[in-house]
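Worksheet for the structure shown next.
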Amino acid sequence: MIARLKTAVRSSDAVDGLVMAGATAVAGGFDYLVLVAAGLLLSDGAAIAFLAVMNLLKIAEQMTWVIRNVVAYYTAELAVQSAALSRIGAFLRERWRWAWRWGGGTAVLFILASPFLARLVNVDSTGALAAAGLTLLLFFVRPVTDGTLQGIQNFWGLGSVAVMQSVLRFALTVTLIWIGWDVAGAVLALPLAMGAGLGLAVWLLRPYFRTPRTAEAQKVSLRYSALTLVGLFSFALLVYGDAILVNRLFAPVAAAQYTPINILARMNLFIPLAIGMVLFPKATQRHVLGQDARPMLLLALAATLLPGLALTALYFLFPGPIVGLVFRGQYANPGALLGWIGLATTLFAGVNIWLNYALSLRLRPYIFTLALIALAQIAAFLWVAETVTAVVYIMIGAGIVGNLAGAIWSLGGGQRIEEGTNLPD
C-alpha cells in the first residue's frame with residue numbers, strides 16, 4: 001500500500017490535484033470575497049437574508065450535482081472504451097437536452113413557490129428569489145458540461161471555468177449592490193456569472209458536441225442516480241443546514257453573530273471539494289480497469305485534512321484579529337467558536353472525500369449511513385441546540401461519525417458493493 005501511495009504521489013494524478021486545488025482556491029477566494037462584500041455593503045438584515053438564500057441555493061446545487069456526478073461517472077467509463085469521442089459526444093448531447101427541459105421546469109416551479117420559500121428562509125425580497133430561480137436553471141445545465149470535463153479529466157478546462165465564473169461573480173456582486181439592487185442584485189450576480197462560465201465550457205467541449213450522430217447515447221441508471229442524489233443531498237444538509245436553521249430558530253442578534261464564523265468556516269471546504277472532484281473519475285476508472293483505488297483515497301484524505309486542520313489552528317489562535325481583518329471591525333471577536341466551527345467544516349471536508357470514493361465505487365452502505373447522520377444532525381439542531389455553540393458542537397459530532405463510517409465501509413475490501421459495469425471490448 002505504501003509503495004502504491006508513493007507511485008500515486010509521483011504520477012500525473014497529483015498534478016491534476018494541484019491544478020484543481022489551485023483553481024478552486026482562487027475561485028473559492030473570490031466566492032468568499034462575494035460573501036465579505038455582501039456583508040460589508042448590505043445592511044445587517046439584508047446580509048443575513050443574502051446568506052440564507054445562498055445556503056438554500058447551496059443545498060439545491062448539491063442536489064443538482066447529482067447530474068455532474070452521474071455525467072462524470074459515465075463519461076469516465078466511456079473514456080476508456082473504444083470510439084470514446086463519439087460515445088461521449090452522444091451521451092453529452094442527450095444529457096444537454098435533458099438538462100434544459102428539466103431545468104426550465106424546475107425554475108418555473110421555484111418562482112411560483114417563492115412566496116412560501118420566502119417565509120421558510122425569512123427573506124422578503126421577491127427579486128432575490130426570482131434570481132435564485134434563474135440560478136436553478138443553470139444548476140441543471142452547468143453540471144452537464146462540468147461533469148463531462150471532469151469525466152474526461154480536463155481539469156485545466158474545468159478549473160478555468162470555475163475561476164472565470166467566480167471572478168466575474170465578484171465584480172457583478174459589487175457593481176449590482178453599488179447601483180442599488182441590494183439583495184436581488186447580489187443574488188443575480190451568480191446566474192449571470194454562471195452563464196458566462198457555461199459559454200466557456202461549451203467552447204472547450206466543442207469537439208464532443210460536433211461528433212457525428214451515429215453512436216447510441218449511454219443509458220443512465222436510475223438506481224445510481226438515486227444513490228448519488230441521496231449522498232449529495234445528505235452532504236448538503238450536513239454542511240449548509242446550520243445557517244438556514246440558525247436564521248430561523250435564533251434571534252436576529254444571535255443569527256448576525258453567526259454570520260462571520262459561518263463565512264470564514266467555508267474556507268476549509270475550498271480545496272477539499274476540488275480534491276474530491278479529481279478523486280471521483282480517477283477512482284471510477286481504476287475500478288473499471290480492475291485496479292485498487294484506495295491509495296488515491298488515502299492521498300486525497302491527507303491533502304484534505306492537513307490544510308483544514310492548519311487553518312483551524314489559526315482560527316483557534318487568532319479569532320479576533322482574523323474576524324477584525326476580514327470584516328473591518330463589523331463583528332465582535334467570536335473567540336474559540338471560530339476554531340470549533342473550523343474543525344467541524346474540516347471534518348465535513350473529510351466526509352466529502354469518503355462520499356466521492358463511495359459514489360465512484362457505488363458503496364451503498366456508506367451513502368445510507370451518511371443520510372442517517374444528516375437527519376440526526378437536523379433533529380439535534382431542532383431538539384437540543386439552544387445556543388449557537390451547541391449547533392457547532394453538534395456539527396463536530398456529525399463530522400466525526402461521518403469520517404468513522406467512511407473508514408469502516410470504504411477501507412475494508414475497497415470493492416464496489418453493487419455489481420459494477422463491465423468494460424466493453
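Of note:
- Between the range 253-290 and the range 343-375, the alpha-carbon center distance in angstrom: 11
- With R₀ set to 35 Å, the beta-carbon distance separating residue 100 from residue 306 gives a calculated FRET efficiency near 0.30.
- Under 10 Å, Cβ to Cβ, from residue 144 - net charge with Lys/Arg +1 and Asp/Glu -1: +3
- The shape of the range 32-188 comes out prolate: with a ≥ b ≥ c from the C-alpha gyration tensor, a/c is at least 1.5 and a/b beats b/c.
- Counting neighbouring beta carbons within 10 Å and listing from fewest to most, the residues 409, 203 come out as 203, 409.
- Gyration tensor verdict on the range 165-227 (Cα atoms; rounded if a/c is under 1.5, prolate if a/b is larger than b/c, oblate otherwise): oblate
- Stretchable slack from residue 411 to residue 325, in nm (0.36 nm times residue separation minus alpha-carbon distance): 26.8 nm
- Using a Förster distance of 45 Å, the FRET efficiency for residue 43-residue 226 (Cβ separation, nearest 0.05): 0.60
- Trypsin sites (Lys or Arg not before Pro) restricted to the range 221-270 and DSSP loop, no more than 13 other C-beta within 10 Å: none
- Between residue 202 and residue 317, the contour length at 0.36 nm per residue exceeds the Cα-Cα span by 36.9 nm.
- Considering only 180, 357, 82, the residue lying farthest towards the positive end of the dipole of the chain is 82, judged by Cα position with unit charges set on Cβ.
- For 65, 383, 96, the sequence from fewest to most other C-beta atoms within 10 Å is 383, 96, 65.
- Relative contact order (%) - the chain, alpha-carbon pairs under 8 angstrom, separation at least six: 22
- Test item: Cα-centred dipole of the range 6-102, Lys/Arg +1 and Asp/Glu -1 on Cβ, debye: 400
- Computed extension gain for residue 251 through residue 210, at 0.36 nm per residue and net of the alpha carbon distance, reaches 9.2 nm.
- A Förster radius of 41 Å combined with the Cβ-Cβ distance from residue 333 to residue 368 puts the calculated FRET efficiency at roughly 0.50.
- Simple spin-label estimate for residue 83 and residue 178 gives 5.4 nm between the two label positions (7 Å along the Cα-to-Cβ direction from each Cα).
- Taken along the Cα-to-beta-carbon direction at a fixed 7 Å, the label points for residue 375 and residue 18 span 4.5 nm.
- Rounded to the nearest whole Hz, the Karplus-based 3J(HN,Hα) values (6.51 cos²θ - 1.76 cosθ + 1.60, θ = phi - 60°) of the range 132-139 follow the sequence 5, x, 5, 4, 4, 4, 6, 5, with x at glycine and proline.
- Likely footprinting exposure, 318, 116, fewest C-beta neighbours within 10 Å first: 116, 318
- Helical content of the chain, expressed as a calculated mean residue ellipticity at 222 nm, amounts to -28500 deg cm²/dmol (DSSP H runs of 4 or more residues, -39,500 (n - 2.57) each, divided by residue number, nearest 500).
- When the range 2-410 is described by a simple charge dipole with +1 on each Lys and Arg Cβ and -1 on each Asp and Glu Cβ, the residue from 212, 115, 315 located farthest towards its positive end is 212.
- Anisotropy class of the range 17-57 from Cα gyration tensor, a/c 1.5 cut: oblate
- Check: the range 2-410 dipole with +1 on Lys, Arg Cβ and -1 on Asp, Glu Cβ, in debye: 1200
Values quoted throughout were computed directly from the atomic coordinates according to the rules given, and no laboratory measurement underlies them. Please read these numbers as outputs of a predicted model, since none were measured by experiment. Here Cβ is always computed from backbone atoms with ideal geometry, including for glycine, and neighbour counts include all displayed protein chains.
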